[in-house]
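Written below as structure tokens is the structure these notes are about.
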Amino acid sequence: MEARLSFITLAVADIARSRAFYEALGLRASPRSNDFVTFFQLSQGLVLSCFGEQALAHDAGRPGERRAGVGIALAHNVKRREDVAGLLARAEAAGGTITQPAGDTPWGVWRGYFADPDGHAWEVAHNPDVTWDERGGVWMDPPGG
């Protein structure tokens, strides 16, 4: 397996609600989206998709299973520390819930968390130790570095 992630698929209760939420945060739904799934093109060839939770459980061969707990947190890095609070406020205005207000960590990252309408945890972080490429990609270990 190559070291690559292509899609992040979130199990959601209401596709239209999730689409509206992520569009309110500034993502643009792909024209290939439909009533069953919504796609958002992210940087570096990564796609975020919202798929009905029961349909996803069936598709994955795990019918009847439900999401429980945090389990996974998605992260969105920003270039400036002050942008963390701004994006948290935008998420809350769009219908998300702030679960951790912006604050410092012992390891030097300024971050906060929100939950989308389906409870998926999103970290918004300013990490001074990452390197940004010209396309907005974040690197812990820059290629060739």
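The numbers here are math on the coordinates, done by the rules we state, and not lab data. Keep in mind that what you see is a predicted model, and the values were worked out from it rather than measured. Glycine also receives a Cβ, built like all others from the backbone with ideal geometry; neighbour counts cover every protein chain displayed.
Which of (1) within 20 Å of ALA11 (Cα to Cα); (2) part of a loop (DSSP other than H, G, I, E, B); (3) not β-branched (Val, Ile, Thr) is the odd one out, the single condition PHE114 does not satisfy?
It fails just one condition, (2).
Can you name the residue in region 6-22 that is within 12 Å of the chain's Cα centre (by Cα) and closer than 15 Å to LEU56 by Cβ and, of all such residues, is surrounded by the most Cβ atoms within 10 Å (Cβ to Cβ)?
The extreme case among them is SER18.
Could you check how many residues of region 21-50 are part of a helix (DSSP H, G or I), touching a residue at least 40 places away in the same chain (Cβ under 8 Å) and closer than 19 Å to LEU88 by Cβ?
3
Take ALA57 and decide whether it is touching a Gly at 6+ places or on another chain (Cβ under 9 Å) and either on the phi < 0 side of the Ramachandran plot or assigned to a loop (DSSP other than H, G, I, E, B) (or both).
Taking the combined requirement at face value, the residue satisfies it.
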